[in-house]
Amino acid sequence: MYPPKKLTRFERARIIGARALQISLGAPVLVDVPPDMTTPIEIALYELKKGVIPITVIRKHPSGKIEIVDLKNKL
């Protein structure tokens, strides 16, 4: 009935933006970054692709169902 457990473009943008802000404020980077990546947004995208960002998305549907999407399973 509901779409598969996949991030929407809005969830993806929110997660990348929040993680890039954390990195720009001095948070430790969770992966070994290639030397060509210099901006916090590139690093956040790379971390998301590697699946190491420790964030869980909780969706509340109109029917009252709650769906949990763990980012570590979304490579």
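Any read-out appearing in this document is the output of simple, stated calculations on the displayed coordinates, not a laboratory observation. Just so it is clear, the structure is predicted and the values come from calculations on it, not from any experiment. Cβ coordinates were reconstructed from backbone atoms using ideal geometry, including for glycine residues, and neighbour counts include every protein chain displayed.
Structural descriptor for the chain: relative contact order 27 percent, calculated from alpha carbon pairs under 8 angstrom and at least 6 residues apart. Summarising the label geometry, the points placed 7 Å from Cα in the beta-carbon direction at Ala13 and Asp36 lie 2.7 nm from one another.
Taking the Kirkwood radius as the inverse of the mean 1/r across Cα pairs, report the Rg/Rh of the chain. Rg divided by Rh gives 1.04. A Cβ-based charge dipole, computed about the Cα centre of the chain with Lys and Arg at +1 and Asp and Glu at -1, lands at about 480 debye.
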